[in-house]
Structure formats: C-alpha cells, structure tokens
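Structure, as structure tokens:
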Amino acid sequence: MAPLSSEAAASTSSSFLPPSKDDSHHYTYEVFLSFRGEDTRSNFTDHLQSALCEKGIEIFIDDELRRGEEISSALVKAIEESRVSIIVFSQNYASSRWCLDELVKILECRRFKGQEVRPVFYKVDPSDVRHQRGAFGEAYATLDQCKNKVKMEKWKAALTEAADLSGWPFKDGEYEAKFIKKIVGELSTRVVNASCELHVADHPIGLESCRQDICRLLHDTENVVHMVGIWGPGGIGKSTVAKDVFNSIRHEFEGSCFLADVRSNVLAQLQERLLVDILRDLNWKVCSVEEGVSFIKTRMRHKKVLLILDDVSDSSQLQNLVPCPDCFGPGSRILITTRDKRWLIAHEVDCVYEVKMLDDCHALELFSLHALKTNRPPSDYLELAQHVIRYAKGLPLALIVLGSHLFRRSIEEWKATIGSCKGGPQAIIQDVLKISYDALGADLKELFLDMVCFFKGKKLDDVKPILEAFYDYKTMMIGIAALQEKALITIDRDEIWMHDLIEEMGKNIVYQESPDEPGERSRVWSEEDADDILTNNTGTYKVRGIQVPWRTSKIPLIAESLSNMKNLRYISMSDHLEYECFSGEIDYLSNQLRWLNWPRCPLQSFPSSYHANKLSKLNIPYSRITRLWEGRKVL
C-alpha cells in the first residue's frame, strides 16, 4: 500500500500517531490490582473490584491465586499479562516489601511493554508518596533495617515515578461510591476498551504506513470534528486499515464505535449500536430511523468520539448516522470506508485517502505467509508464486484467498490452480468485487460491461465517441465519473484501466449469460467466440457487440451470421482480420447498429432493409464496396 502524498501527510500530531512498536501483545487480564491487604482488602479494594467486575472487566488480584503455586512468580506473570495496573497507595502500602516489589515490576512493564499504570491515592497525598513523608513515609521508614540498599533505592525511585503519574486522589470526607464510579467509568472508556481490540489481520503486511498516513489526516490543530474517507475497490483492505486505525487511537476518545458492514445492516439497528457503544448503556432502543437521528443529535453533542462507518454504499446511511458534524463533541473523528467516492464528496468529508495496491515485495510476502507460512517462498515455489503475484496485481484479497487455497498443496496442484484461474478461491474474490457492480443502475451496468469487454487500455478520447453513440452525452459523462468513484475503473494518462480481477469479474458476468453458447451472450470479445459466431452462424438477437482486436489468420465468413443478430449495435474488427472465403448474401443488418469499424469488411453492399438512422461511425474499405445501399439514408 503506497504512502500518502507529501501534501496530504504534512500535518502530524503525536496525539493521533500510534506507537511505533508493535502493540498487538496478548493480555490475559485487563486490570491488575496492587494494594496493601490490611488497609483496603475488605473495603475500598473490594468495592472497586466488584464495580469493575460488573462492567465485565477481567481483573487479577491476589485472592485469585490457586493454592500450591509460587506466589512471586505467579504475580510477576499476572503483571506482565495485564493491560492496566492500578496501584492503590494507602497509608501502610510502603511498609510491605511485597507491594514495593510489585510496584517495581509494574513500572518495568510500563517502560518496556507500554502498559498503562494508574495510581489511586487513597487517603494519602501524592506528594507524600513522592517524597516518602508523613504517615506514608513513616510506613516506609519501617523498612530501614533492610540491608539491601540497592533494593531500597529501587523502591524509592519507583515510588517517586509512580507519584508523578496521572491518577485519582481520594480524601477523607468524599463519597467512596461516587469515587469508584468515576474510576470505573474512565477505565471503561479510555483504557480498558483498548483491550477489546478488533481483529485486524493475521499478517498485517503494508498496514503500518497506511495507518500512519490516515492518523495524520485525522489530526486537525483546531478542536473541531474531522471526517476522513477511506476509498478503494473491493478486496483492497479498506476495512482492515480502518480496524487498525481504530485499535491504535480509540483510547484518545471518551467513546468509540466501529459500525461494520453498513451496506447490509438496518439503519435503526446501526443507530442503536452507535448509541449503546458511545454512551455505554445497554438499555438504548431505537424504534425508527427518525428517532435514531434525534437521539444522535441530542446525546452526542458533548462527547469526543471516534466513529467508523465501514462499507458505506448509500448517502442515506451517512445522513442518518452522521446527520451533521455538530452532532458530536469537539475533537471527534469520523472515518468512512466506501467503494464509491461520490458519497464522501457529497457528505463533505474533509479529505479522502485512497488505499493503494500492494507493491510486488509486500504482495509476495503476504501471499507466501498464507500459502507457505513463511515470508518468502522456497526456490522451487518462487516462480509459481511470482505468477500469482502477477495475476493478483497487488490486491490483498486475491493474495489471501489464493494463498489460503494453495496452502499444503503440491507443486502440481499449484500449477493446475494457477493455470486454470477459474472457480474455487477466485469465486470468493469475484463475489466480493461483484458487490460494486450489483449496486449500479441499469445504464451504468451496461456502460461498465462495455468498458470491461471492449475498451480496457484504450484512450478515453477515442472511446467517448463510441459510448456517445450508445448513450446520451450526459449519461456517458456521469457514468464514467461514477465508475471511477466506485473504483471499478481508473483513467491513467487518458487511458481506461481497471484491475485484472475487476475485468475478470465483468467478463464472467457476460460469460454467465450463456456459458455454453457464445452467440447467446450480449458481448463477444475473444477470437475463438467470434470465429464460432461468424463461421457457424450461431449468433442470436442477444448479441449487442462484437470486437476482435487482433487476428492474423483467415477465417470463413457466412453472411447469414450477421442477419441473425438483430440487436447488434457495435462491430469493431481488427485491421488484420481476413477471410479465406465469403459465402451467402446478407439479407438483414441490425437497424440498432451505431458503430461499424471493419477495415477489411467483405460486404459489397448493404441490404435494402437497413435504415442506418442510428449509425454514427462507418469505416469500411471503399475499394470493395460496389454499392452501399439504394437511395438516400439519414445517418
């Protein structure tokens, strides 16, 4: 996946840049509680533990140790496998060597594993912990007889470091229940939620640069709501990138919500999920879309949230889930993934990030990890793997599906699969890519299939006159733009291109119109199928276009084959296509014909029934024509 342009990536912020180290460490516990038992076990710590458990937060405290285990090693393991450590500093905390050893280990994990550490100053002053004075210092003084001066220095440094961390001070006279509710609420929204990470990918190849670029785009120096779109074709990894970004920055927000597969879900249910996730209240019920919009507008205004709408396919989804930026509190960030760029522009997102195909190096690594469970294929598989890379053209979905399909298969099976490139895992890829096609209107579907079957690689300026003969100018221009916005085609240096797998998907749609009879399909583009239709008279009224871009051999041609294709509107034959014989007479030529490009056309005249009133292009050899038609024609 290629990095963002320098202009788009210019703005940076440490607040939204994820840590450079790998933060995918597996945690057994969400919270480790460190406390002095004789001070708080039966009161504050017990109440805090109960409140956290009610929220479904996985906790480790000493009471959970199984009998017979070595406590010190078990505690060390528990600390290392906890995402957050809460240290309850009470009056006698520092009198326990056990507690101080825990504290040293906790702070080591903070430094080397990036774990979150939050102190609770329970009826002690943070400055007393920092300087070991007052009642807290008196407890620490009881350790003076400890002969291990090195350990004493470690404990003192750890107390000073921990006292400087952001925490929760509790003083005599406060309401303990209210204080605990505050701790649990903050842990739920800002810290512990990070442990409920979305699964991103088994092998996140190429994700880091995308994540960094999008995090830069999400940053804005002003404290405003910022919306960013992630755009690209099906299978390129938009959802994967969005999940990675979500996991890396969600802790920066008061609330976060990832709405997956927006395309296929009921809007009212999505609104309800949004309210539940952000407001942390399972009792929310949305009875109608209108009610959901009202709730979003009134209940989110003061919350700094991270919201991701994944796979948006219609403007109504955006209008009802993000009615306006002001619905959310200052500093909120909204990410939208879609295959259709038009929805992003219409909803006035601040910027759009285009996800690029993987380069060959990353593509080979991703494929190899799925096919061979290694970063690079061994020498006897390398050439075959490179064939796959050329076929997939950097599309992650294709690499993953093909790699998984070929896992633990022999070289012979690899060759057979790569050689056929039909069915099996390819069908999965096609199903994903076909979603964009199915969402098109009738005219756009026809335009897309014309592009796929006839015009890939051609100059747009050369193709426009042909398309204008089939569609009106406005439909053609809007259609071309729409297909680009949906990432089904690209225009590169005025040439029409699309991913090979998108081309394969489109041609497969035409092929499925009649798998056994080419003459029953709407479009014919291969030499073999054109031969069958023109020499065996198998064409039917369903054929709308024939194109043979290159042919050097000679074929026999039966004139009647053109007579049966009564809806034919497009003929484009290679300059090199010749005929070893031409038999019969053409008694009918489609009155739907718009474009006739046949430099070596063997016809000597057109039938009298041909009207030519829709013809826009006529390119046939003047030397062979004895009479075009009788009378005058209005072209």
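The values are calculated or read from the model by the stated rules, or taken from the named source; none is laboratory data. Keep in mind the model is a prediction, meaning the values are calculated, not measured. Cβ atoms come from the backbone with ideal geometry, glycine included; neighbour counts cover every protein chain shown. With ligands, DNA and RNA removed, areas are computed over all heavy atoms of the protein, side chains included. Shrake-Rupley method; radii C 1.70, N 1.55, O 1.52, S 1.80 Å.
Please go through region 448-481 and pick out each residue that is within 20 Å of ASN597 (Cβ to Cβ) and among the acidic types (Asp, Glu). Break it down stepwise before answering.
Within region 448-481, the first condition is being within 20 Å of ASN597 (Cβ to Cβ), and the residues that meet it are 449-471, 476.
Within region 448-481, ASP450, ASP461, ASP462, GLU468 meet the criteria.
Any idea which residue in region 340-354 is least open to solvent (accessible area, probe 1.4 Å), counting only those that are over 19 Å from ARG211 (Cα atoms) and not in a loop (DSSP other than H, G, I, E, B)?
LEU344
Give region 387-413 a look and list any residue that's among the polar types (S, T, N, Q) and open to solvent by less than 50 Å² (accessible area, probe 1.4 Å), or say none.
Scanning region 387-413 gives a single hit, SER410.
Enumerate the helices (runs of 4 or more DSSP H) found wholly within region 362-444, keeping only those where 3 or more residues are in contact with a strand residue (DSSP E or B) (Cβ under 7 Å, 6 or more places away or on another chain).
none
Pairs, please: C-beta under 6 Å, at least 6 apart or cross-chain, first residue closer than 13 Å to ILE87 by Cα and at pLDDT 85 or above and in region 112-123, second of a type in the set (Ser, Thr, Tyr) and crowded, with 20+ Cβ neighbours inside 10 Å?
As it stands, the answer is VAL117/SER85; TYR122/SER90, since those pairs meet every condition given.
For the list (1) more than 23 Å from ILE571 (Cβ to Cβ); (2) open to solvent by less than 10 Å² (accessible area, probe 1.4 Å), I need the number of the one condition that ALA481 fails.
Looking at each condition in turn, ALA481 falls short on (2).
Sort out for me the strands (runs of 3 or more DSSP E) sitting completely within region 469-569 that have 1 or more residues that are under 33 Å from the mean Cα position of the chain (by Cα) and of a type outside the set (Asp, Glu).
Hits in region 469-569: 490-492, 495-497.
Could you tell me which residue of region 85-101 is surrounded by the most Cβ atoms within 10 Å (Cβ to Cβ), considering only residues that are modelled with pLDDT of 90 or more and touching a strand residue (DSSP E or B) at 6+ places or on another chain (Cβ under 9 Å)?
Checking each candidate, the answer is PHE89.
If you check every pair at least six apart or on different chains, which have Cβ atoms under 8 Å apart with a residue in region 202-223 that is part of a helix (DSSP H, G or I) first and a residue that is among the aromatic types (Phe, Trp, Tyr) second?
Within 8 Å, the pairs are CYS210/TYR353; ASP213/TYR353; ILE214/TYR353; CYS215/PHE16; ARG216/PHE16; LEU217/TYR353; LEU218/PHE16.
Just checking, does region 346-358 include any residue being in contact (Cβ under 8 Å) with a residue 24 or more places away in the chain and in contact with a Pro (Cβ under 7 Å, 6 or more places away or on another chain)?
The initial filter retains those residues of region 346-358 that are in contact (Cβ under 8 Å) with a residue 24 or more places away in the chain, namely 346-358.
Okay, now just the ones that are also in contact with a Pro (Cβ under 7 Å, 6 or more places away or on another chain), so 358.
Checking region 346-358: at least one residue is in contact (Cβ under 8 Å) with a residue 24 or more places away in the chain and in contact with a Pro (Cβ under 7 Å, 6 or more places away or on another chain).
Just one of (1) under 21 Å from VAL262 (Cα atoms); (2) open to solvent by 20 Å² or more (accessible area, probe 1.4 Å); (3) in contact with a helix residue (DSSP H, G or I) (Cβ under 6 Å, 6 or more places away or on another chain) trips up HIS251, so point out which.
With respect to (1) under 21 Å from VAL262 (Cα atoms); (2) open to solvent by 20 Å² or more (accessible area, probe 1.4 Å); (3) in contact with a helix residue (DSSP H, G or I) (Cβ under 6 Å, 6 or more places away or on another chain), HIS251 is out only on (1).
Got a number for residues in region 603-623 being free of Cβ contacts under 8 Å to residues at least 24 places away in the same chain, in a loop (DSSP other than H, G, I, E, B) and over 22 Å from ASN564 (Cβ atoms)?
Total satisfying the criteria: 1.
Does at least one position in region 290-306 carry a residue that is surrounded by fewer than 18 Cβ atoms within 10 Å (Cβ to Cβ), assigned to a helix (DSSP H, G or I), out of contact with any strand residue (DSSP E or B) (no Cβ under 9 Å at 6 or more places or on another chain) and basic (Lys, Arg)?
yes
Can you tell me which residue is nearest to the chain's Cα centre (by Cα) among those in region 128-144 that are assigned to a loop (DSSP other than H, G, I, E, B) and not aliphatic (A, V, I, L, M)?
GLN132
Please work out which one of (1) under 19 Å from HIS499 (Cα atoms); (2) aliphatic (A, V, I, L, M); (3) surrounded by fewer than 19 Cβ atoms within 10 Å (Cβ to Cβ) is the condition ALA416 fails and give its number.
The number of the failed condition is (1).
Since LYS415 meets every condition but one in (1) of a type outside the set (Gly, Ala, Ser); (2) modelled with pLDDT under 90; (3) within 30 Å of ASN613 (Cα to Cα), which condition does it not meet?
LYS415 satisfies every listed condition except (3).
Just checking, does region 130-142 include any residue being open to solvent by 80 Å² or more (accessible area, probe 1.4 Å) and within 21 Å of LEU48 (Cβ to Cβ)?
Scanning region 130-142 turns up no residue that is open to solvent by 80 Å² or more (accessible area, probe 1.4 Å) and within 21 Å of LEU48 (Cβ to Cβ).
Take region 89-116 and flag every residue that is part of a loop (DSSP other than H, G, I, E, B) and in contact with a Phe, Trp or Tyr (Cβ under 9 Å, 6 or more places away or on another chain). Break it down into steps so the answer makes sense when it comes.
Initially, region 89-116 is screened for residues part of a loop (DSSP other than H, G, I, E, B), giving 90-92, 96, 114-115.
Within region 89-116, SER90, GLN91, ASN92, GLN115 qualify.
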